[in-house]
Amino acid sequence: MPRFAQLVMGPAGSGKSTYCSNMVQHCAALNRSVQVVNLDPAAEYFNYPLMADIRELIEVDDVMEDDSLRFGPNGGLVFCMEYFSKNFDWLEDCLGHVEDDYILFDCPGQIELYTHLPVMKQLVEQLQQWEFRVCGVFLVDSQFMVESFKFISGVLAALSAMILLEIPQINIMTKMDLLSKKAKKEIEKYLDPDMYSVIEDSGNILKSTVFKKLTKAICGLIDDYSMVRFLPYDHSDEESINIVLQHIDFAIQYGEDLEFKEPKENEDEKPATLDEYFQDQVDE
């Protein structure tokens, strides 16, 4: 039997731990067992139980206080993750060998881990050897994405993780509940973006011909190959959480071996769509 995993990634402050907490509660309401593994050696607090915690193996503070290493916060975290990659047997012991596991891995936010360092790629390969079907979940703060320049930056961060890890990936705009009604309407165009319109939005700001050409080339690459799309995520809206979970489950084929159940006769509700989600937000 396969096992299932989400690698929850994204910049610091994008809401990774909040996402894990909400997903655990949502799945519990669906009678689904979901566990969380913390892979951030600099994390401080969790309001949910952890199946495993990398801080039991190594902590950033201990590395920074080591006089023989003399690392700062960023270098200390990279050292911790490289140490972790050499001790995957610790993780294997923590995970055990239970079939049909569904585990969320709360990952660090340092961008180096998803651009050129091999640690996360090695983790993915190891999980696959342990018969996990792995899906990347890349989170970006929606408040950061309302401007075209920042949106392109967020897209490139998500794209770097996709290219490095080579696994199915769902990209999510978090903290939708913090946006104003006007901002929610504005950000809708960035969920399934026309990158050429993004170029037009930023054309008046860019003065350098070289940067204009670079921006056009990047946007053209993303648009021509339909490489990056985003889902809205509002942690206060169960419908929004369910839409995200359905996309992830489909990507890793969760539930394909479960027994099919006929819907009850009084269940005539249609599945929620992104259009319905945004219409509900506008109407409120």
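Average 1/r across all pairs of distinct alpha carbons in region 133-186, invert it, and you get the Kirkwood radius: 12.0 Å. On the beta carbon distance between Thr115 and Gln143, with R0 = 22 Å, the FRET formula returns roughly 0.40.
In terms of overall dimensions, the chain has a Cα radius of gyration and Dmax of 20.1, 68 angstrom. Work from the charge dipole of the chain (Cβ charges, +1 for Lys and Arg, -1 for Asp and Glu, about the Cα centre) and give the residue of Val146, Ile243, Val34 farthest towards its positive end. Of the options given, the answer is Val146. Each Cα pair under 8 Å and six or more residues apart adds its separation to the average, and for the chain the resulting relative contact order is 21 percent. In the chain, which helices (entire DSSP H runs) extend 24 Å or more along their own long axis, judged by Cα positions, while averaging at least 1.6 on the Kyte-Doolittle scale? Sorted by number, the helices that extend far enough and score high enough are 148-165.
Under a model in which nothing but the beta-carbon of Lys, Arg (+1) and Asp, Glu (-1) is charged, the chain shows a dipole of about 1380 debye around its Cα centre. Computed over region 25-140, the percent of Cα pairs more than 19 Å apart is 50.
For the chain, modelled as a GNM whose springs connect Cα atoms under 10 angstrom apart, the maximal fluctuation among Ser197, Ser85, Ser208 occurs at Ser208. All distinct Cα pairs of region 103-160 go into the 1/r average, and the inverse of that average, the Kirkwood radius, is 13.0 Å. Region 1-70 and region 117-131 have their alpha-carbon centroids 17 Å apart. Basic side chains Lys and Arg get +1 at the Cβ, acidic Asp and Glu get -1 at the Cβ, and with that the dipole of region 152-251 about its Cα centre reaches some 640 debye. For a paramagnetic label modelled at 7 Å from the Cα of Tyr196 toward its Cβ, which residues of region 216-255 fall within the zone defined by backbone nitrogen distances under 15 Å? In region 216-255, the label zone of Tyr196 (backbone N under 15 Å from the point 7 Å along Cα→Cβ) covers 216-226. When the Cα convex hull of region 72-176 is projected onto planes of every orientation, the mean area is 7.7 nm². Among the listed pairs Lys182/Lys213; Lys150/Lys213; Lys175/Lys212; Lys121/Lys213; Lys185/Lys212, give every one whose C-alpha distance is greater than 21 Å. In this structure, Lys182/Lys213; Lys175/Lys212; Lys121/Lys213; Lys185/Lys212 exceed 21 Å between Cα atoms. Simple point charges give the picture: +1 on the Cβ of Lys and Arg, -1 on the Cβ of Asp and Glu, and for region 81-121 a dipole about the Cα centre of about 280 debye. Classified by the C-alpha gyration tensor, region 131-248 has an oblate form. Its axis ratio a/c, with a ≥ b ≥ c, is 1.5 or above, and a/b does not exceed b/c. When both bridge partners sit in the chain, DSSP labels roughly 0% of those beta bridges antiparallel.
Taking the 1.4 Å solvent-accessible surface of region 59-213 as the whole, the part contributed by carbon and sulfur is 51%.
The values are calculated or read from the model by the stated rules, or taken from the named source; none is laboratory data. The structure presented is a predicted model; accordingly, all values stated were derived computationally and were not measured. Every residue, glycine as well, gets a Cβ built from its backbone with ideal geometry; the counts of neighbours run over all protein chains shown. All accessible areas refer to the heavy atoms of the entire protein, side chains included, with ligands and DNA or RNA removed. Shrake-Rupley method; radii C 1.70, N 1.55, O 1.52, S 1.80 Å.
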